[in-house]
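**Student:** Below is a structure I'd like to ask you about.
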Amino acid sequence: MPIQDLPPEFEALLNRLLDSPDEEISQSEFDQFQAYLSTNPEAMQYYFDYLDINLGLQSDLKARLEALEQTFRGQNAPQPQASPQPVVVRRTAFLRYSVVASCSLLMGLLLAWITAGYFLGNRTPDPQSGNEDRNYVATLTRSTDCVWGSESPPEFSGQRLMSEDLVLEQGVAEFRFDTGVRLIIEGPTEINLVTSSRAKLNYGKIVLHGYEPAPEFSLITPLLTFHDIGTEYGARIHRDGEVDLHVFAGAVRVDPNQKNGPFSESVIIKEGQARHLNDTKIEDIPLEPKLFKREVPGAPQNLQAQRQELRAYDGFHPPKILAPKQTSPWQNTGIGWVNPWRTPKIDGRVTQGLSRPHESLAGTEVAPSQLGLLELRGGISFFRKLKQPVRMDVNAIYYVSFYMQKIKTGQGGHSQQYGNFALFSSVQKEDPRKIRMGMSINNYAILQAGPQIIERAPPLQSGETYLFVAKIVASEKALDQVFMRAFAEAEPIPDQEPPVWTCVTTPFRDSNVFDVVRLHAGKNSAYLFDEVRIGSTWSSVVDPDLPRLVLEQK
């Protein structure tokens, strides 16, 4: 049973329990609610999810378990006998009971994880898998007309790559190493991605774009090794090992693999110079930038292709503006959705999700069809189901973006002051996982994916708008990984995905199918959300004009 279809009686009891800090419920209502939890796994999972939301995204699972254990001990300490009182159950007492139940569940899972060797990422390697001890070193960011001849060729742009041999028979491909260095190869080329700062090139043509903050990148050829010094250079490695080197920017330090002849010391080739080299001689040749593909070529895409890349979009612009404006029907706009946005609360209080039909968080000039944003406050959540899920059980790349701004409420402290965007599955599993991103209770950018929760400084500011962009790398047989970047208003949005991300998970395994999007604001906070997008390319989630073009062609 999907969580959106839980019995209305259960939601009514939950709403009654949560409506007011001083709310009291009768013993019969308590028993009825407890019966739902004990007999309906979806209800129990939903309530644990609620507790998870209201406990906040914690940056340390161990600290969270210790806090729950302390609650458990305090709850079970000997208590003085009290005189009989009327049978009434307070909301706070029930929440304490629920936290204890959560503690018991989590501690049980913790013991199971420790027994199985899975705790805190110390998973026992699968002897049948050769990938557990290998690390990703680079990403295939773009490719054009590629024919691969290696045994395990890359399958799609955006795929993460481990250390391996690759043979490009024809076409052009770009690798971005995890240090930020970009390497463009043109077939026929044979290359081995050794580490994030080293590659071996047996033959072929490459252009290397250095990245200044990165460690020195070494390109090893059969006779020579090249070290970039803030460099853009092109190199053609002949099958006999000799090299034509053309330096377009910066400089290159050249060392022979075995020192002799003119290479008793390193040789520096400077910007604007070109040399033909082997391990015994150096000859001047004309600098010819046009001999190399310095970027991956790509023809402009038509609108139909762009529409396919943008899988889901909502700018919260109501098709009709009502009076008062905040009641305008924003719940069923956009593209790529199965149903309207809805809240688990059933008493009609959709005013807790307010439409602002003439405002926008986007920092660019948007079309009238892209005006509108959504205000969430007071612990409210809204859900919507995707037509095309984010599948972690296939080889695929997904991008997510949304604007978010925390509203200054004047409430002190950090308790439940978080807000986030989340992807999760409508099909309940024994190990339900989510991908969540947004602002933590400490006002830091935070990412939760797989078993990991990553929180990063500097703190994000209330009253300022941030564009969150995430990249989700899914693999059928290899490991998965999630990257997230929080852009401030003053930061330019690059045309290509950045070399530096705010939060990055370590590789993990996940086979979930995430078909539900949720927007949420913590109980003591208020947030604005705008321009939610899910796509298959970087440009599909950052191009400010794309939603307008797509909406105009609907």
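**Student:** Mind listing which GluC sites (Glu not before Pro) in the stretch 432-488 are in a DSSP loop and have 14 or fewer other Cβ atoms within 10 Å?
**Tutor:** For GluC sites (Glu not before Pro) across the stretch 432-488 that sit outside H, G, I, E and B with at most 14 neighbouring Cβ atoms in 10 Å, the list reads Glu464, Glu476.
**Student:** Above 20 angstrom, tally the Cα pairs of the stretch 136-291 and express them as a % of all pairs, no decimals.
**Tutor:** When every Cα pair of the stretch 136-291 is considered, 45 percent fall beyond 20 Å.
**Student:** With a probe of 1.4 Å, find how much accessible area the stretch 186-327 has per residue, and write the answer as a whole number in Å².
**Tutor:** Each residue of the stretch 186-327 exposes 50 Å² on average to a 1.4 Å probe.
**Student:** If you stretched the chain out fully between Ile268 and Lys320, how much longer would it get, using 0.36 nm times the residue separation minus the C-alpha to C-alpha distance?
**Tutor:** 12.1 nm
**Student:** Quick one: of the DSSP bridges fully inside the stretch 455-503, what percent are antiparallel, nearest 5?
**Tutor:** Bridges in the stretch 455-503 that DSSP calls antiparallel: roughly 100 percent.
**Student:** Placing +1 at every Lys and Arg Cβ and -1 at every Asp and Glu Cβ, with all other atoms neutral, what dipole size does the stretch 303-552 have around its Cα centre, in debye to the nearest 20?
**Tutor:** Charge dipole, the stretch 303-552, about its Cα centre: 860 debye, nearest 20.
**Student:** For a quick check of your reading of the filter: which trypsin sites (Lys or Arg not before Pro) in the stretch 437-500 sit in a DSSP loop and have no more than 14 other Cβ atoms within 10 Å?
**Tutor:** Lys477
**Student:** So between Thr39 and Asn135, what do we pick up on full extension, going 0.36 nm a residue minus the alpha carbon distance?
**Tutor:** That pair, Thr39 and Asn135, stretches by 30.2 nm at full extension.
**Student:** How far apart, in nm, are the 7 Å Cα→Cβ label points at Glu491 and Ile335?
**Tutor:** So the two model labels end up 2.8 nm from each other.
**Student:** May I pose another question? Among Pro432, Val500, Val482, which residue has its Cα furthest toward the positive end of the charge dipole of the stretch 303-552, with +1 on Lys/Arg Cβ and -1 on Asp/Glu Cβ?
**Tutor:** Pro432
**Student:** Taking the mean number of other Cβ atoms within 10 Å as a proxy for protection, how do you rank 213-221, 283-291 from highest to lowest?
**Tutor:** Descending packing order for the listed peptides: 213-221, 283-291.
**Student:** In whole Hz and in residue order, list the ³J(HN,Hα) couplings for the stretch 138-154 that follow from phi through the Karplus curve 6.51 cos²θ - 1.76 cosθ + 1.60, θ = phi - 60°; x for Gly and Pro.
**Tutor:** Whole-Hz 3J(HN,Hα) from phi for the stretch 138-154: 7, 10, 7, 7, 8, 7, 9, 6, 8, 10, 9, x, 7, 5, 10, x, x.
**Student:** Calculate the translational D of the stretch 303-552 in whole µm² s⁻¹ from Stokes-Einstein, where the hydrodynamic radius comes from the Kirkwood formula applied to all Cα pairs, the temperature is 20 °C and the viscosity 1.002 mPa s.
**Tutor:** D, rounded to a whole number, is 118 µm²/s.
**Student:** Where in the stretch 210-246 does the label zone of Asn257 land, with the point 7 angstrom along Cα→C-beta and an amide N cut-off under 14 Å?
**Tutor:** 219-226, 237-243
**Student:** Quick one: of the DSSP bridges fully inside the stretch 136-291, what percent are antiparallel, nearest 5?
**Tutor:** Rounded to the nearest five, the antiparallel share is 95 percent.
**Student:** Next question. Post the alpha-carbon centroid distance, the stretch 197-274 to the stretch 522-554, in whole angstrom.
**Tutor:** Result: 42 Å between the Cα centres.
**Student:** Once Lys and Arg get +1 and Asp and Glu get -1 on their Cβ, which of Leu467, Pro451, Ala422 lies farthest toward the positive end of the dipole of the stretch 363-481?
**Tutor:** Among Leu467, Pro451, Ala422, the one farthest towards the positive end of the dipole of the stretch 363-481 is Ala422.
**Student:** Using heavy-atom solvent-accessible surface (probe 1.4 Å) with all chains present, what is the largest-first order of Ser475, Ser415?
**Tutor:** Sorted by accessible area, descending: Ser415, Ser475.
**Student:** Name the residue farthest towards the positive end of the dipole of the stretch 136-291 from the options Gln273, Ile220, Val194, assuming +1 on Cβ of Lys and Arg, -1 on Cβ of Asp and Glu, about the Cα centre.
**Tutor:** The residue sitting farthest along the positive end of the dipole is Gln273.
The values are calculated or read from the model by the stated rules, or taken from the named source; none is laboratory data. All values reported here derive from a predicted model rather than from experimental measurement. So basically every Cβ, Gly included, is an ideal-geometry build from the backbone, and we count neighbours across all protein chains shown. Protein only, heavy atoms only, side chains kept; ligands, DNA and RNA dropped before computing areas. Shrake-Rupley method; radii C 1.70, N 1.55, O 1.52, S 1.80 Å.
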